[in-house]
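Below is one structure; the comments refer to it alone.
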Amino acid sequence: MISKVIGVIGTGNMGGAIIDGLMSKGIISPDNLLLTNRDIDKANRYYDKYKTPVMGAEEVIERSDIILIAVKPKDIDSLIPIFKKYSNKVLISVLAGITIDYFRNNLDAEIQVARAMPNIPSTISKGVISISYSENTSGESRDVIDNIFSSIGEVYHVEERLINISTGLSGSSPAYMFLIIDAIAKVGIDYGMDRSTAFDMVIDTMIGSAMFMREYSQIEADTLVSKVTSPGGTTIEGLRVLNEKNILDGISSTIKTVIEKSFSMERKD
Ligand SMILES: NC(=O)c1ccc[n+]([C@@H]2O[C@H](COP(=O)([O-])OP(=O)(O)OC[C@H]3O[C@@H](n4cnc5c(N)ncnc54)[C@H](OP(=O)(O)O)[C@@H]3O)[C@@H](O)[C@H]2O)c1
């Protein structure tokens, strides 16, 4: 059970996912989870659901030990003057492109900051969350923050320079995975399968293949592929087209582009 008071600024998709995660796992008392949002009605929905107190941003910051910032990156500058008044708080930022140095440069060089990169499956508690801590973050703060994010998925600790790599591997990549599932399922539909059977079949295959790959994680992908192929068979014929169309190079280039874009968007000031 988390005994610290946690404040959430921004109860949109990601802030809401974390509130739902914390409440559904019962790891914090609703009284210790203080919420605010620009459109306060959006925060009040969580009060109606969980009885988590809702108040203005300054009151949340003043009364919380640890503050989760879940606004869009463009909205962070307007909150800095309020944070400046309370320099002893521990911050968690899920803001894409906003570095730990941004908070140290704009607030206090000694502030404890966790920079986290969750992904969209976090909203159904199946997320991947990369976390990087400022080196002065205390062990106690790290434990609480790990606990918060464990409520919405699997936590990976990375050095801050790798957060942009995580953006490519787990942050943006669900978009491409959705499209790959969609493309495969639509072929089934074109050949006469009903929509829900086609999608369920491909989704179950994606989940099963991922779990199979984890089970045999020490085996190279090529060897796993050889378990599905036989000379003159169907899979090998499909692989020929996959290679002819350079699909795998295209996927690598896509992820590299995401990573480069993440680096180019980073803000330190
Ligand atoms: N969604 C994802 O998959 C994902 C993944 C990784 C990281 N993130 C990061 O998570 C952050 C939030 O993304 P999101 O998708 O949750 O966005 P969102 O749904 O738009 O939520 C942002 C919320 O912040 C509120 N807000 C803005 N300025 C505020 C202020 N000054 N005080 C209080 N509340 C304020 C907004 O309120 P109003 O509605 O009233 O404007 C909105 O409810 C972003 O920085 C993004 O980079 C998101």
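Laboratory data are not the source of any read-out in this text; all were calculated from the coordinates shown. This structure is a prediction, so every number in the text was calculated from the model and none was measured. No Cβ is skipped: glycine too gets one built from the backbone with ideal geometry, and neighbour counts run over all protein chains shown.
For Lys186, a cut-off of 19 angstrom between C-alpha atoms picks up these aspartates and glutamates, skipping any fewer than 8 places away in its own chain: Asp194, Asp200, Asp204.
Computed from the Cα positions only, the extents of region 171-265 along the three principal axes stand at 44, 32, 30 Å, in decreasing order. What area, in nm² and to one decimal, does the C-alpha convex hull of the chain cast on average over all directions? That works out to 16.9 nm², a quarter of the Cα hull's surface. Summing charges over all other residues whose Cβ lies under 15 Å from the Cβ of Asp75, with Lys and Arg as +1 and Asp and Glu as -1, gives +3.
If you stretched the chain out fully between Lys85 and Thr235, how much longer would it get, using 0.36 nm times the residue separation minus the C-alpha to C-alpha distance? Write down the numbers at each step before the final one.
Details: separation 150, 0.36 × 150 = 54.00 nm, distance 6.25 nm.
Result: 47.8 nm gained on full extension.
Projected label points at Glu244 and Asp77, each 7 Å from Cα along the beta carbon direction, are separated by 5.2 nanometres. For region 115-171, applying the loop criterion from DSSP together with a ceiling of 15 other beta carbons within 10 Å to the trypsin sites (Lys or Arg not before Pro) yields Lys126. Multiplying the residue separation of Tyr156 and Ile184 by 0.36 nm and removing their Cα-Cα distance gives an extension gain of 7.1 nm.
Here is the tail figure for region 138-218: Cα pairs spaced more than 21 Å apart come to 52 percent of all pairs. When the trypsin sites (Lys or Arg not before Pro) in region 183-267 are filtered for DSSP coil states and for at most 15 other beta-carbon atoms within 10 Å of their beta-carbon, the remaining sites are Lys227, Lys245.
Taken as Cα centroids, region 174-197 and region 114-149 sit 33 Å apart, rounded to the nearest whole angstrom.
One compactness figure for region 6-164 is 0.94, namely its Cα radius of gyration divided by 2.2 N^0.38 Å. Computed over neighbours whose Cβ is under 15 Å from that of Ile189, the net charge equals -2, Lys and Arg +1, Asp and Glu -1.
The GluC sites (Glu not before Pro) found in region 68-157 that occupy coil by DSSP, while having at most 14 further C-beta atoms within 10 Å, are Glu110, Glu135.
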